[in-house]
C-alpha cells in the first residue's frame, strides 16, 4: 500500500510487476450554499397580539446583558391559535432591528404529523442551512449535534448572533438537541404543548379579543380587496362571526377566505350559516385549511386514556367541570390529575374559574363531541357516566341546600363545613346544575329532575335568580306530570307559581298557584294546599288585587292554624303585612309583621324572622315612627349578616338610609348608602349597587359624612 504525504505518494515497500504512475488531484475546500435568511413570509392580517409580540421581542433581545438574557423562548397554545404567525412576526421584527446579523434560520418540525421531523433530521437540515456539505455531516447523532454547535459558534465569530426558529414541535426531545451552545444566539420554538422543562421563557397564547378578531377579519378582507368594507359596515355581525369562530386566528382566516371567495356574501349571512350548522367545523374549511384537521392532529397524538378523558369532559353538562364532578363522571376512585395536566400542556383543556376546574375551547368541545359520537359503545358508556354525574350533583346540591337552610338545633349534612362554603359551591356550580337539569329532562331521568329541581329552586330563590327558578320549576312540573306523580306535580306547580310571582309575572303566577291549590287538595296534601293559598295571596298583591289578597291569605292562615303550623302561619302574616301597607293600613301592617316575627322566632326560623323585622321597619316608617323603624332594621341586619344574605343586607341598608334621610341625619344616611352598595355588589346586584353608590356620592352631608372609600 502507498502512503500519502501532502503532495506526494510514498511507494516504498510496494511490489510492482510493471511501470507505476502515481497521481494526486488537489481540490480546495468548497463551502456549500447557506440558508441563513429562511423565514417564511409574515401572516396576512396579523392583528391583536401587540402585548404578546412585545413580550416575545423582549425575551429575544440579544442586547440584554447578564442574567436577564433569555437564550430560549417557547410559544405554546391550542392548534389554530396563531403561534406560528406570532413567532414569524417576532423573528421578522427582530431581524429588521438588526439584532441577528448572523441570520435567521427556520425549520418546521411537523411535530403533530404522522411522521414528525426527528431531532437528527432537523440537525441535518440546519447544518446544511449553515453551509455544511452533506458529505461532511456526521452519521452519529452526538457528532451531528457537536458539528451543529460548532457551526453556530463559527457563525457567531464571523457574522454575529443568529436566531433559530423551530416551528411546530411536539416534544422537548425534538427541540433540546437543536439548542445552540453559544449564548450569543437565540432560539425560538412553537408548540401545542407547554415545555416547562426546557429552561425557556414560556409564552402561552389565548384566543383573541372580539375587537382584535374583527380587526383580523377586516385586514384579511382588505388585503384581497382594499374596497371591501363589509366588516366596517356591519361591526355587530362581524363580532358575532368572530365569536362563532371562537376568536381563533386560523378559524378567522378560514372565514375570511370564504368571504373573499364570495365577495357578495354579507357577513351576517355567513354568521347565520355558521350558527345554524350542527357542527361549526363543517363550515370552517376553505379547501386548504380545516379546523377539524387541525384538532385531529392534536387528538391523534393522545394516549387512549387521555383521549377518553377529553371525550368525557366534552360531554359533561356546563361550560366547565370541577374535579370532583369529573371524577364522578369517569367513575374513578382518584381524580385524573396527571391526565388533566397532560391535556393542559397540550392546550386541549385549560383551567376554568378555579384551580381545580377545567374547561375547553368551544370548537375543541365540538370536535371532541364529534369524535365521541362516532362510537356507539362510547356513547353508551357516556350515558352511564352522566348518570353518575347526575347522582353526584343531586347528593351535593341536597347537602348544600340543607346547609343553606339550616336553623340552629336542626340536623345538617357535614359535607359542607359552613353556610359560606355551601353557598360558594352552589354559586360555582349553578350553571352546570342548570345544564345538568336540561340533560336530565332530555334523558327522561324524571325522578332525579324532580329531586334536583326542588333543591335547586330553594337556592335560586335565595340568590334571586328568579328567571332560572321559573325554568327549572317548569322542568320539575313536566317531569312530575310525565311520571303521573300528582303530589310532586302539585309541589312543582307551587314552586312555579312562587318563581313566576318573584319574577313579576303575577298573572301567570296566579294561574299556576290556582292549579297547585287544586292538585294539593285533590291528593290530600294540606300543607301544600296551605302554601298554595299563601303564595296565591302574595301573587294577588303583586297583581294589585289587594282585597282578594287579604281574603286568600285569611284562608291560608286558617289552614296553617288547623295544622298547628306556626312557621307556615308566620309566612302568611308577613305577606298580609305587605298587603296592608299597600292598602294604606300601616298600623295593622306593623301588628301583622310583629306577629310573623314572633312566630318565626318560636319556630327557630331566624332567616325569616329577619325578613319580618325588615318588613316591620318599612311599616313603622310609613307610620312616621322612624326611631322604631331604625331599631327594626338593625335587628334585621344582624340575622341577614349571619345568613350571608347580601342582597337582603343591601336592601335593609337602603331602607335604613332612606329612613335616616327622612330624619335629617344625612351623615348616617350616606354611610348606609355606602354599605348598601357594598352589600349589593357582593350579591352580584350591580345595578342596585351602582344606584346606591350614586346616592352616597350625591347626598348632601354638610361635611359631616366620612370620606368615601
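Each reported figure results from applying straightforward, stated rules to the coordinates on display, with no laboratory input. The structure displayed is predicted, hence computed values, not measured ones. Note that each Cβ is placed from the backbone with ideal geometry, even for glycine, and that neighbours are counted across all protein chains shown.
The Rg/Rh ratio of the stretch 595-709, with Rg taken over Cα atoms and Rh as the Kirkwood radius over Cα pairs, comes to 1.00. Applying 0.36 nm per residue to the separation of residue 641 and residue 204 and subtracting their alpha-carbon distance, the gain on full extension is 153.1 nm.
Computing FRET efficiency as 1/(1 + (r/R0)^6) for residue 551 and residue 353, where r is the C-beta to C-beta distance and R0 is 45 Å, gives about 0.40. Computed over the alpha-carbon atoms, the stretch 66-162 gives an Rg to Rh ratio of 0.99, Rh here being the Kirkwood radius from the mean inverse distance. In degrees from 0 to 90, rounded to the nearest 10, what is the angle of the helix 141-158 Cα long axis to the longest principal axis of the chain? The answer is roughly 80 degrees. Once the convex hull of all Cα atoms in the stretch 153-192 is built, its volume per residue stands at 58 Å³. If the segment from residue 197 to residue 96 were pulled out straight at 0.36 nm per residue, it would be longer than the present Cα-Cα gap by 33.3 nm. Computed as a quarter of the hull surface, the mean projected area of the alpha carbon convex hull for the chain stands at 47.7 nm².
Taking other C-beta atoms within 10 angstrom as a stand-in for reagent exposure, 184, 431 fall in the order 431, 184, fewest first. Between the stretch 288-350 and the stretch 153-195, what's the alpha-carbon centroid distance in Å? Spelled out, the Cα-based centre of one part sits 31 Å from the other. With contributions of -39500 (n - 2.57) from each DSSP H run of at least four residues, the per-residue ellipticity at 222 nm computed over the chain stands at -20000 deg cm²/dmol. The angle between the Cα long axis of helix 362-373 and the main principal axis of the chain comes to about 90°, on a 0 to 90 degree scale. Bridges between two residues of the chain, per DSSP, are antiparallel at a rate of about 30%. The ranking of 115, 397 by Cβ neighbour count inside 10 Å, starting from the fewest, reads 115, 397. Placing dummy labels 7 Å off each Cα toward the beta-carbon, the span from residue 264 to residue 159 is 5.2 nm. Quick check: Cα centre of the stretch 49-65 to Cα centre of the stretch 87-147, how many Å? Taking the Cα centre of the stretch 87-147 as reference, the centre of the stretch 49-65 is 21 Å away.
Using 1/(1 + (r/R0)^6) with R0 = 45 angstrom and r between the beta carbons of residue 133 and residue 376, what's the FRET efficiency to the nearest 0.05?
Efficiency, from the Cβ-Cβ distance: 0.20.
Helix 119-129 and the long axis of the chain differ in direction by around 60°, with both axes built from C-alpha atoms.
Hey, how many Å between the Cα centroid of the stretch 210-274 and the Cα centroid of the stretch 594-632? Between the Cα centre of the stretch 210-274 and that of the stretch 594-632, the gap is 59 Å.
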